[in-house]
Each structure stands twice: as C-alpha cells, then as structure tokens.
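Trainee: Please read through the structure below; I'll follow up with questions.
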Amino acid sequence: MKIGFLLELSEEIRRAPFTGPANHVRQVFLGLRRLGCSVSLLCRLDGRLWFTDDLQEFRPVTVRKSDLGLWRVAERVLRRAQRWSGFPYLGFFESRRFMHACLQELSNCDLYYERFNWMCYGGGLAAARAGIPLVLEYNGDPLDDLRARQMAPAGIQGAIARALAGRSLRGADHVVATGDGWRRNCIAAWRVPAERVSVVENGTDLVEILDRSALRAFRPSADAGRAPRVVYLGGFYPWHGVDKLLRAAAALLRAGTHITVTLIGSGSGEAAARSLTGALGLENRVTFAGRLSAAEYAAVLADSDIGVSPYCGWQEYSGLKIFDYKAAGLACVASGEGGRPSSIRHGRTGWIVPPCSESALAEALALLAADARLRRRLGRAARLEAERYHTWQHSVRQIMQILERVAADGRAAAGTLERTRLAGSRRMPDPA
C-alpha cells in the first residue's frame, strides 16, 4: 500500500529532541514502513512545505499552482486586505496550497493518513479531488486546547472555525482517536458517526530502550533507605496539573513523608511552576530537568519509583506519559474517572485518583511512598503489560488494519462507481 502521510501543521520532526506529538508521527511513519508500506510524508514547517520518503532527507516543495504566478500576487493582496479589514481568518490560502502540494507530490497514493489540526483542511480537499480515501488521526479536541489556553475564537471567527473543523472530521472516511475519551468527544462534539471512529492508543519506545534489568521494580535490591523518587513527564500547561502535584508533595513533606520530585518537560507554565515550588519551600526537593530526549528521560524514569499523570480539566486521561511510566516499571498515579484511563487498572498496574483533587493525589503518593512492595508489584505488572500492549509495533499494527479496511472499501466503492458508469454508457442510444 502507498500511503501519503499528511501534516498540514507540524511540530519539528526533523531533529531531536522530539516532542511527544513529533515522536508519535515518526513512530507511526517508521512502523508503517516496517509493515511493508510505501510511505511519503508532506508537512508544513517554518512556513514552508517539505517532502520526505525516509524522515532523513527533507526536500522543500514549491507548489506550482500556488507559489508562482497570479495566484501568489492575489494572495498577498487579499492577505493585506484581511489584516486591514479584520475579516475572519479562513485558512484558505494555506489549505489551498497544501491541497495542490498533495496533488503534485502524492497523487498516486492508495490512501492519505493525516494528523488532524485546527483550521487545516487542505488534505481533505486533495482527497476529495483525487478520489483518495482519507483517514484522520484525532489526538484531542483542538477547541478544548484553545479554551484551556484562553485562546478560543469567538463570534463569527469561532463559528467559521468550528464549521470547518466539523466538516473536515465528518468528511474523512475514518477517524482514529488516540483514546476512548477522544473518541467520545469526536462523536458528541463534532457529530462524526460512531461507526467511523476507532480507538488506537499511543505506544512507547521505552520498552525497547529500557531492559527490565535496568528498572528499579525488577532490581534485587531497591535502595530501601532512599527517599522514593516521584517523576512527572510532560508539558507545563494548566490542564496537566503540575501545580496539583507540587501542592500534594508539599502536603506529604509537612506530614513527614519524604519524597523527591523530578519534573521533565517544558511549556508556558514552567515559570509559574518554578515560582510555586519556591513558595511551597520545595527548592531542595524538586528538580526541573527541562526538555530531554527519549534516551535521556528513559534513564531518569528507570531510576524513579512513582510516575504521576495529574490531568485536571481534560477529557482524555490516557496520555503518552502513562505508557512511558509503564514501560519504565513505575507505579503510576493517574487522574481518571468513568473507567478512564483504560490503560491503568486500579490497584493492579497503577492507582487512579479523582482529577484535580490534591488531597486524593497526596493520599495515593503517601500510600505508595510508604509501601515499597506495593510499588514494585504495580511497577512490574505495568511493565509486563506495556511489553504486550503498548509498544509502537502493537499500535501501528492496529492502525494498519484500519487503513487496509478503508482502502479496500475505497477500492470497492470505486469499482461499483465504474461498473455503474459503464452500465449507463451501454444503455445510451447510439448517436448514429
């Protein structure tokens, strides 16, 4: 199968260290190639379009029907008029350019696989024009993300943006959601038919990076006299709940439970987290490790005891960090409700606490900090489950099954249409 991998709005995928989304893209791309697919990727980075067949060599793309001639002149004039008049942003020129880039570079594909993004609909336009099936990957509701950042569009702009997003999602042949919460959201918020939305959870490459023998949960001795090490991996945005973790850690220290906390990652809320650390008197207990590569943070996780996923105000609780924690053999404390996150079995592979509850989070951390046997039991079970269910190989195989089914349905529909056309032409009277 020849697959066109579309990233109309991409994070940096060319150079390490890679963010979680960038690593996700790379793992799916490489996994599909390992399964025998021919995969070419078209992405927009730094305001330019790039093409690659191997994620090593990236070729800049000049779109003949958009970057040259009168269209380019018209675009510049209309963009100035839009800025001057305050007319709502439609994403028209970006999407049109991306559509023509797809038709120019990826016209012979069997299927397009696109990571869904806000105000990006060029892939859908190209798929419709070329008659190529389109599968969208839904990694979260971008409108929820904008609301959390207090950047959600309002008024006419908001109505236009929501209409475009809904039309893009409903226009896809299938949607792959990265968690059950996002599947529910896709169906309820965007009215995508339930039978056209499947769940394929993320994977982790830490299963391959970390051997069991390197993990504290599997070591013969676990430094019984050492204060338990708590680790957080992710962003510093409001819905990630880093402030809840810091306050819970302060409550534990006040109660006489000694832990250390390592925060791995970056984000706009990092300065606030550092300020809160100082205000709570945690400077000697909390380490800000910054943004690390997978190999770098794998070593930190392997030498930790408890991984925390304290989401607050978020619809999907099964994030990439949980799979990394499980692969590293950590006892995981995760926010959740309503049977989520499904990737954690309470009391067996981790501990689920109500979202946004500092007291419940503190209680769970205190329990695990005091019971090394429980930590090791949870961590070992989590690692074994990660080896079976959370490798990227497992995730990509599930994606591949969906792509094969959609491509087969597309071929069947095309065949039916062709047979109908031929039958109609046979019934036409002879003009002579």
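Trainee: Helix 358-370: angle to the longest alpha-carbon principal axis of the chain, degrees 0 to 90, nearest 10?
Mentor: 60 degrees
Trainee: Which FRET efficiency value, to the nearest 0.05, is calculated for residue 191 and residue 38 with the Förster distance at 41 angstrom and r the Cβ-Cβ distance?
Mentor: Taking R0 as 41 Å, the efficiency between residue 191 and residue 38 is 0.75.
Trainee: I would also like to ask the following. Work out the FRET efficiency for residue 129 and residue 388 from their Cβ-Cβ distance, taking R0 = 41 Å, and round it to the nearest 0.05.
Mentor: After rounding to 0.05, the efficiency reads 0.45.
Trainee: Let me know the shape class of segment 273-383, please: from the alpha-carbon gyration tensor, a ≥ b ≥ c as square roots of the eigenvalues, rounded when a/c is under 1.5, otherwise prolate if a/b is greater than b/c, or oblate.
Mentor: It is rounded, given that a/c, with a ≥ b ≥ c, falls under 1.5.
Trainee: Can you work out the Karplus-derived ³J(HN,Hα) for every residue in segment 200-208? Use 6.51 cos²θ - 1.76 cosθ + 1.60 with θ = phi - 60°, whole Hz, and x for glycine or proline.
Mentor: 10, 6, 5, x, 9, 8, 6, 4, 7
Trainee: Report the calculated FRET efficiency for residue 151 and residue 370 (r = Cβ-Cβ distance, R0 = 51 Å), to the nearest 0.05.
Mentor: Result of the calculation: an efficiency of 0.75.
Trainee: Can you compute 3J(HN,Hα) from phi for each residue in segment 297-302, using the Karplus curve 6.51 cos²θ - 1.76 cosθ + 1.60 with θ = phi - 60°, rounded to whole Hz and x for Gly and Pro?
Mentor: Per-residue couplings from phi come out as 6, 4, 5, 5, 4, 4 Hz.
Trainee: Sticking with this structure for a sec: Using a 7 Å offset from the Cα along the Cα-to-Cβ direction at both residue 284 and residue 377, what is the distance between the two label points in nm, to one decimal?
Mentor: 3.5 nm
Trainee: Quick one: 24, 346, fewest Cβ neighbours within 10 Å first, how do they rank?
Mentor: Numbers: 24 22, 346 12.
Placing the least packed residue first, the sequence is 346, 24.
Trainee: Where both residues lie in segment 208-389, what percent of DSSP beta bridges are antiparallel, nearest 5?
Mentor: Here the antiparallel bridges make up roughly 5 percent for segment 208-389.
Trainee: Taking the mean number of other Cβ atoms within 10 Å as a proxy for protection, how do you rank 324-331, 171-178, 143-150 from highest to lowest?
Mentor: Sorting 324-331, 171-178, 143-150 by mean packing, highest first, produces 324-331, 171-178, 143-150.
Trainee: Find the centroid of the Cα atoms in segment 335-359 and in segment 91-128, then give the distance between the two in whole Å.
Mentor: Here the two parts' Cα centres lie 38 Å apart.
Trainee: Please list, in order along segment 326-335, the HN-Hα scalar couplings obtained from phi with the Karplus expression 6.51 cos²θ - 1.76 cosθ + 1.60 (θ = phi - 60°), rounded to whole Hz, x for Gly and Pro.
Mentor: These are the phi-based 3J(HN,Hα) values: 5, 5, 8, x, 8, 6, 9, 10, 10, 5 Hz.
Readers should treat all values here as calculations from the given coordinates under stated rules, not as data from a laboratory. If you're wondering where the values come from, they're calculated on a predicted model, not measured in any experiment. Cβ: placed from backbone, ideal geometry, glycine included. Neighbour counts: every protein chain shown.
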